[in-house]
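**Q** Next up is a structure, given as C-alpha cells.
Only the coordinates and a few stated rules stand behind these numbers; no lab work does. Just so we're clear, the structure is a prediction, and the values are computed from it rather than from any experiment. Quick reminder, even Gly has a Cβ in these numbers, built from the backbone with ideal geometry, and neighbours come from all protein chains shown.
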2 protein chains.
Amino acid sequence: MHRTIGVIGGLGPWATLDFFEKILRLTPARRDQEHLRLVIDNNPKIPDRGPAILGEPGAEDPLPALVATARAVEAAGADLIVIPCNTAHFFYEHIRRAVRVPVLHIMEEVARAAAARMPDLTRVGLLGTRATVATGLYQKAFAPAATEVLAPDPRGQAVIDRLIYAIKGGRADEALRAEGASVGRRLGEAGAGAIILGCTELQLVLGEGNLGLPVLDSNQILAEAAVREATRPQVAPHEVPV
Amino acid sequence: MHRTIGVIGGLGPWATLDFFEKILRLTPARRDQEHLRLVIDNNPKIPDRGPAILGEPGAEDPLPALVATARAVEAAGADLIVIPCNTAHFFYEHIRRAVRVPVLHIMEEVARAAAARMPDLTRVGLLGTRATVATGLYQKAFAPAATEVLAPDPRGQAVIDRLIYAIKGGRADEALRAEGASVGRRLGEAGAGAIILGCTELQLVLGEGNLGLPVLDSNQILAEAAVREATRPQVAPHEVPV
C-alpha cells in the first residue's frame, strides 16, 4: 500500500503545479490506480513568507495559516507532508509539531541529494528569496558536509527576488530571466560547483541550460523524496519493536 | 472573498493536473494571494468507473471512495466541488447528496457553454468512454436544446477507449492519436458541428487542430465554471430572503 502525500501548496501555485507534475512523472504507472494519492491544499491565501521573516512593516504572520493547512491535509488523509516552498521552511519546526505525521524538510533533502550525487562539492551557489538566504537554512543543512554556501551580492539578490515575484505574477520576461541566469553564473565564477535552485519557482525559468552549471532543483528533489517515502515498504506490525 | 474549490481528482491524475493548470491560467493574478484556493484530493486509488457502470465481472464499486473523497475535500474547506472526470458523473446524485456544498455538473456546464457559444448547433459529436456514452449523460444534458448527440460506431468507440487508457498509462503514441482524431472527424462528416471532448483525458491529445472542428473541451469548461462560481460576488446576509 502506498502512503498518501499531503501538500501544503499555493506557495506559490505555479510551484505546486510543477511539484504535482513531477510526482506524476516520477511514478511508473500504467493505469490510474498505480499512481499515488496526493492531498493538495493549494492555499495561496497564506500570507507572504518573506516580508514576515524579514520583519517588514505591516507583514502578516503566515504561521497560523501554515499550521491550519498542515492540519487540513493531515485530516484529509495525508501520511506524510511536504511543503514545496523553501522560504516557508523557516517555520518548519512549528509545522512539524502541529501534526502527527512526518514532514519532509526540503533543505535536508537537497543536502542529502548533493552528498549522494556530488560528494566532492566544496562550494555550492544558492539562488532563493532574500528571506531564504538570510535565515541560513541551507547553510545549516550543508554544514555537516562542510560545503560552503555562496549567495549573491545584494545587487544580484535583488535581481533574484524580482525574478521570483515576476514568475509568481506570470510576467518573467526574457531579459529578467537572462539577468537571473547571469547572477547564477557569477556564483560559478566565484567557485560554486553547482547551483541550488532554492526557491520552487526558479526551476520554471532557470536550469543547467542557461546557468552552465549542474543544478540542485529543490522542487524536483522534494518530489523524489516524497515518492521515495510514499512507496517505501512499510514495516509489518509484528516487526515493530514493543 | 473567493470561495475554495474542492476537486475530486485522480480520475485520472493527468486530467487533474490539466484541470489545476487551467484554473491557474484562468485566474488573473499578479501575486500568490490573488490566486484561488483549491483543495485537490488526487485519489487515483478510486476504482475504475467504466467497468463498474458497465457491470463487467469483478468490477469494484467506486461510489464509496467517491463519496469519501467528496467528504474529505468538504471537510478540508471546499465551498464548492468539481469532478474533472466525465464518467464519474454517473454517480453525480449520490455524491451531491453526500455533501452540503454545491457540486458542479460537467455535462450541464458543457451544454450551457454550447448554448452560449453555438446557439445554432443541431448535432454535436461525443468522444468519451464507452460508459459515458452508454449512460446517456450528454444526451440528457443536450435534450432541452434539442441538440442531437452523435457517438462513434462500436469500432470507433473501441479506438477512443483504447486512446483514453493509453493516455492514462502515458503511452498514447502518434498512430493512436491519429486514429482517435479520425473517429472524431467522421462524426463531423455525419453532421456534427462540434465535438465534445467528453473525457477529461482527451484534450491532452485531441483538439481543433487534428479534429478540424470546433471543440467543447469538458475539462476547460469545468475549470471556467469553477472560477466563475469561486469568484461570483456573494450575497450579503441582509439580502437573503427570509
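**Q** Could you sort B:7-13, B:96-102, B:72-78 so that the peptide with the highest average Cβ count within 10 Å comes first and the rest follow in order?
**A** B:7-13, B:72-78, B:96-102
**Q** Copy-to-copy spacing for B:K140, label 7 Å out on the Cα-to-C-beta vector, in nm, shortest first?
**A** 5.6
**Q** By per-residue mean of other Cβ atoms within 10 Å, what is the highest-first order of A:162-170, B:15-23?
**A** The peptides rank, most packed first, as B:15-23, A:162-170.
**Q** Work out the mean other chain Cβ neighbour count within 10 Å for the residues of B:169-177 and drop it here as an integer.
**A** Other-chain Cβ atoms within 10 Å of each residue's Cβ, averaged: 1.
**Q** Then there's this: Points 7 angstrom from Cα along the Cβ direction at B:R97 and B:L26: gap in nanometres?
**A** So the label points at B:R97 and B:L26 sit 2.8 nm apart.
**Q** Divide by every residue of chain A the summed helix terms, -39500 (n - 2.57) for each DSSP H run of at least 4, and state the resulting mean residue ellipticity at 222 nm, rounded to the nearest 500 deg cm²/dmol.
**A** -13500 deg cm²/dmol
**Q** Sorted by packing (mean other beta-carbon atoms within 10 Å per residue), highest first, where do A:183-193, B:213-223 land?
**A** B:213-223, A:183-193
**Q** In nm, what does the list of distances from B:E189 to its counterparts in the other copies look like, shortest first, when each label sits 7 Å along Cα to Cβ?
**A** Once sorted, the set of distances for B:E189 reads 6.3 nm.
**Q** Assume the label is 7 Å from Cα along Cα to beta carbon: what separations in nm does A:P233 have to the matching positions in the other copies?
**A** 6.2
**Q** Still on this model: Over chain A, what is the relative contact order in whole percent, taking alpha-carbon pairs under 8 Å and six or more residues apart?
**A** The normalised contact order for chain A reaches 23 percent.
**Q** While we're here: Looking at chain B from every direction and averaging, what is the projected area of its Cα convex hull in nm²?
**A** The number I arrive at for chain B is 14.6 nm².
**Q** Once the Cβ-Cβ distance between B:A190 and B:R232 is put in as r, and R0 is 35 Å, what FRET efficiency do you end up with, to the nearest 0.05?
**A** That pair, B:A190 with B:R232, gives E of 0.35.
**Q** Here's a follow-up. Going 7 Å from the Cα of B:L176 along its beta-carbon direction, which residues of the stretch A:21-37 have the amide nitrogen within less than 14 Å of the resulting point?
**A** Once the point is set 7 Å along Cα→Cβ of B:L176, A:29-32 turn out to lie under 14 Å by backbone N, inside the stretch A:21-37.
**Q** Averaged over its residues, how many other protein chain Cβ atoms are within 10 Å of peptide A:8-14's Cβ atoms?
**A** Mean partner shielding for this stretch: 5.
**Q** Sticking with this structure for a sec: What does the C-alpha gyration tensor say about the overall shape of the stretch B:1-134? Classify as rounded when a/c is under 1.5, otherwise prolate if a/b is larger than b/c, or oblate.
**A** Taking the square roots of the gyration eigenvalues as a ≥ b ≥ c, the stretch B:1-134 is oblate.
**Q** On to the next question. Per residue of A:25-33, what is the mean number of Cβ atoms on other protein chains within 10 angstrom of that residue's Cβ?
**A** Per residue, the number of nearby Cβ atoms from other chains is 6 on average.
**Q** Each label point is 7 Å from the Cα along the Cα-to-Cβ direction; what then is the distance between the points at A:A68 and B:A68, in nm?
**A** It is 2.8 nm.
**Q** Here's something else I'd like to know. Please work out how much length the chain gains when fully extended from B:D120 to B:Q33, using 0.36 nm per residue of separation minus the C-alpha to C-alpha distance, in nm with one decimal.
**A** Result: 27.3 nm gained on full extension.
**Q** Using the basic label-point model (7 angstrom from Cα toward the beta carbon), what is the A:Q139 to B:A75 distance in nanometres?
**A** Label at A:Q139, label at B:A75, 4.3 nm between them.
**Q** Could you let me know the centre-to-centre spacing of the stretch A:129-194 and the stretch A:74-95, using Cα atoms, in angstrom?
**A** 23 Å
**Q** Once phi is turned into ³J(HN,Hα) by the Karplus curve 6.51 cos²θ - 1.76 cosθ + 1.60 with θ = phi - 60°, what whole-Hz value does each residue of the stretch B:198-204 show in order, with x for glycine and proline?
**A** These are the phi-based 3J(HN,Hα) values: x, 8, 6, 8, 5, 5, 6 Hz.
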